[in-house]
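Note sheet for the following structure.
The values are calculated or read from the model by the stated rules, or taken from the named source; none is laboratory data. All figures in this text were calculated on a predicted structure; none of them were measured in a lab. As a convention, Cβ positions derive from the backbone with ideal geometry for all residues, glycine included, and neighbour counts pool all protein chains shown. In case anyone asks, the SASA skips ligands and DNA or RNA and just uses the protein heavy atoms, side chains included. Shrake-Rupley method; radii C 1.70, N 1.55, O 1.52, S 1.80 Å.
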Amino acid sequence: MSKNGLPRKPLTKRRLKNLILNVLKNPFNMVVLVSLIILFCLIIIPLLTMISSTFTLAQGELRRVQGHVGDFTLYYWKYILASTMSGAVLWGPLKNSFICGFFTVLVSVPLGSVLAWLMIRTDIPGKKILGLLVTVPYMIPSWTKALAWLAMFRNSTSGANGFLAGMGIPIPDWLAYGPIAIVLCMSMHYYAFSYIMVSGALRSINSELEEMGEIQGASKAQILRHITLPLILPSVLSATVMTISKSIGTYGVPANLGNRIGYYTLATKMRNFIDQGPQAVGYAMSIVLVLLAAVIIFSNQRIVGVRKSYATVSGKGGRATLMPLGKAKKPLMAFLMVFLFLAMVVPFFVLIMETFQITTGAGYGLDNLTLYNWIGKSGQIAKYTNYEGIFRNPKFFSAFWNTIRLTLIGSIITAICGQFLGYISSRGRGKWYGDLTEQMVFVPYLMSGIAFSTMYFSMFSRPHFGGLMPSLYGTFTLIVLTSVVKHFPFASKSGTANMLSISVELEEAADIAGASFWKRMSSIIVPLAKNGFISGFMLTFISIAKELDLVIIMMTPSTQTMSYLAFTYSQEGYNQMSDAVSVCVLVFILVCYTVANRFGADLNKSM
């Protein structure tokens, strides 16, 4: 039966033929069909291929498992779940990931929420400057914070002292490396999630609600607890979920601060297996990461979906009355100043100054300062590193060029695809193809960067389907493709918001006037969507430029980016070189953010 109660017409050959012709002759239907096929090939097939690889016996395991290459096997899952090695392979790293994720949430979410409340609902002075400074740490890649931490707290365990150890202050390993260092570095990055989300929620709350509580005799603490907190709770929960899912799957910070003392998380352990084998064990661990993220995100949707909700935006105009801080204003201003000084100024000052040191931790006397790490020639002085200064090093310029072309090509393709996907989602709201598009585009969001790149590494490391999907291993094309598809979720979200702002009536009027689909697109949609496209392009450009987790598995000497070069130097013990490349990455990203803001790009969408 159909929705209107009438019996459905039988699907005859003629009716089927007419339906197919309707799809083929209608340009919009063709765009939808081609988009769904491409999404299926780029997202669903690689995921299924990676899952299949964990049940397929590989050549390297024939000496341990009876059978032939390609046979079905449960060996890899038994190895990580129920073998004598499972504690070291899966359960230990998984426990470390949860510990780091839990304490990162415990520090970053309250911190970001309190900062948001201070900036939006109180009369604290200097909000414009403070608001910008509070969001600056999010603009900076998390792995550079790990390098800044090492510049401050590194001890002889790494072979070279950092700033504090160089001053004679003993720095224990538990502070320099391991879970405390990882949690603090990630907290200084991910607190921006709760700050941005809670800020948006607080802006939508009419302060009359809080004023009514004050009239009834409620104290400021009671107003915060019983009025403000319930209204922003969905935003706090969303920030919590985003923080824990991101921190569990991050790679750069734990690799820099954990690997040195054998402290592995699921992401860092997974990369070891991808590099050293068995690769299918790494694929299985990647699936565990995806499942964890999916459970966390869908649990949040269930909780937010069933809890009591409150309308904070209505047809009645609202106003925002700032809460006077009174005597607490000076202590809170002091707290903000100290926080920003310790979180931003000190670490990055030490990071920058370390690029000019001959010996790290030996002070800033003139006898220990040099420009060698920037412009030095190889073999200039025996005590210098055997690499040339980065501005004389061909590796740096190759990495810089790779970063530029990756971000430029990737962001252009992603922005274009995001607008098309947004067009389909906005025009197909409530229809099967619109819902299916949104669901498939959402899949990459469930995966951490390293888990997603593992999926593509599995898919394109060898040909599939008789060569229909070729091997792209070691090519720049694979890195671009991975970067593009990984950024589909927020590019599509940006495109959907952009397309919803363009009234369907404009297209309907042009259709009545006889304009074709492509004429309507070129004359109406593209001109009106131009600003949204530029904004999406700039935000994607910046996001790709910061990436380390997403590209690290696929790097080769000819395709390495600046992020990967800095990480490599750090792992090899060339701390000053690593810091110098990191400073270049920071300058590059901050310039991009400045340009993006001039085009009206919204920082919130880059999450």
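For the list (1) open to solvent by 40 Å² or more (accessible area, probe 1.4 Å); (2) touching a residue at least 12 places away in the same chain (Cβ under 8 Å); (3) out of contact with any Leu (no Cβ under 6 Å at 6 or more places or on another chain), I need the number of the one condition that Cys100 fails.
Cys100 satisfies all of (1) open to solvent by 40 Å² or more (accessible area, probe 1.4 Å); (2) touching a residue at least 12 places away in the same chain (Cβ under 8 Å); (3) out of contact with any Leu (no Cβ under 6 Å at 6 or more places or on another chain) except (1).
Of all the residues that make up the stretch 103-134, how many are of a type in the set (Ser, Thr, Tyr) and without any contact (Cβ under 8 Å) to a residue 12 or more places away in the chain?
Residues in the stretch 103-134 being of a type in the set (Ser, Thr, Tyr) and without any contact (Cβ under 8 Å) to a residue 12 or more places away in the chain: 0 in total.
Six or more apart or on different chains, Cβ under 6 Å: which pairs go from a residue in the stretch 269-280 that's touching a residue at least 60 places away in the same chain (Cβ under 8 Å) and at positive phi to one that's surrounded by fewer than 23 Cβ atoms within 10 Å (Cβ to Cβ) and in a helix (DSSP H, G or I)? Could you list them?
Qualifying pairs under 6 Å: Gly277/Gly60.
Within the stretch 397-425, how many residues are crowded, with 19+ Cβ neighbours inside 10 Å and either among the hydroxyl-bearing types (Ser, Thr, Tyr) or not assigned by TED's automatic domain parsing to the domain that holds Leu548 (or both)?
6
Which one is surrounded by the fewest Cβ atoms within 10 Å (Cβ to Cβ) among residues in the stretch 38-51 that are of a type outside the set (A, V, I, L, M) and in contact with a Ser or Thr (Cβ under 9 Å, 6 or more places away or on another chain)?
The extreme case among them is Thr49.
Only residues that are at pLDDT 85 or above and open to solvent by 60 Å² or more (accessible area, probe 1.4 Å): list them for the stretch 462-490, please.
Thr477, the sole residue that qualifies.
Those residues that are in contact (Cβ under 8 Å) with a residue 40 or more places away in the chain and open to solvent by 10 Å² or more (accessible area, probe 1.4 Å), I need them from the stretch 144-163; list them, please.
Lys145, Trp149, Met152, Thr157, Ser158, Gly159, Ala160, Asn161, Phe163
Can you tell me which residue is surrounded by the fewest Cβ atoms within 10 Å (Cβ to Cβ) among those in the stretch 220-243 that are at pLDDT 80 or above and polar (S, T, N, Q)?
Ranking the candidates gives Thr240 first.
Can you pull out the residues in the stretch 506-537 that are open to solvent by less than 20 Å² (accessible area, probe 1.4 Å), part of a helix (DSSP H, G or I) and closer than 30 Å to Ile589 by Cβ?
Passing the criteria: Gly532, Ser535, Gly536.
Please specify each residue of the stretch 426-461 satisfying the condition of being part of a loop (DSSP other than H, G, I, E, B) and either open to solvent by less than 10 Å² (accessible area, probe 1.4 Å) or at negative phi (or both).
Selection gives Gly428, Arg429, Lys431, Met447, Ser448, Ser461.
Residues of the stretch 547-589 being of a type in the set (Phe, Trp, Tyr) and either open to solvent by less than 20 Å² (accessible area, probe 1.4 Å) or not assigned by TED's automatic domain parsing to the domain that holds Ile404 (or both), which ones?
Residues of the stretch 547-589 that are of a type in the set (Phe, Trp, Tyr), as a first pass: 564, 567, 569, 574, 588.
The answer is Phe567, Tyr569.
With the structure loaded, tell me whether Asp549 is in a loop (DSSP other than H, G, I, E, B) and acidic (Asp, Glu) or whether it fails that test.
So Asp549 fits the description; yes.
Considering only helices (runs of 4 or more DSSP H) fully contained in the stretch 77-158, which possess at least 3 residues that are in the same structural domain as Tyr191 (by TED's automatic domain parsing) and modelled with pLDDT of 85 or more?
Result: 92-121, 142-153.
Ile424 fails exactly one of the following numbered conditions: (1) more than 26 Å from Phe298 (Cα to Cα); (2) at pLDDT 80 or above. What is the number of that condition?
Every condition holds for Ile424 apart from (1).
So in the stretch 384-404, with the set limited to residues that are part of a helix (DSSP H, G or I) and touching a residue at least 60 places away in the same chain (Cβ under 8 Å), which one is nearest to Tyr574 (Cα to Cα)?
Among residues in the stretch 384-404 that are part of a helix (DSSP H, G or I) and touching a residue at least 60 places away in the same chain (Cβ under 8 Å), the one nearest to Tyr574 (Cα to Cα) is Ile390.
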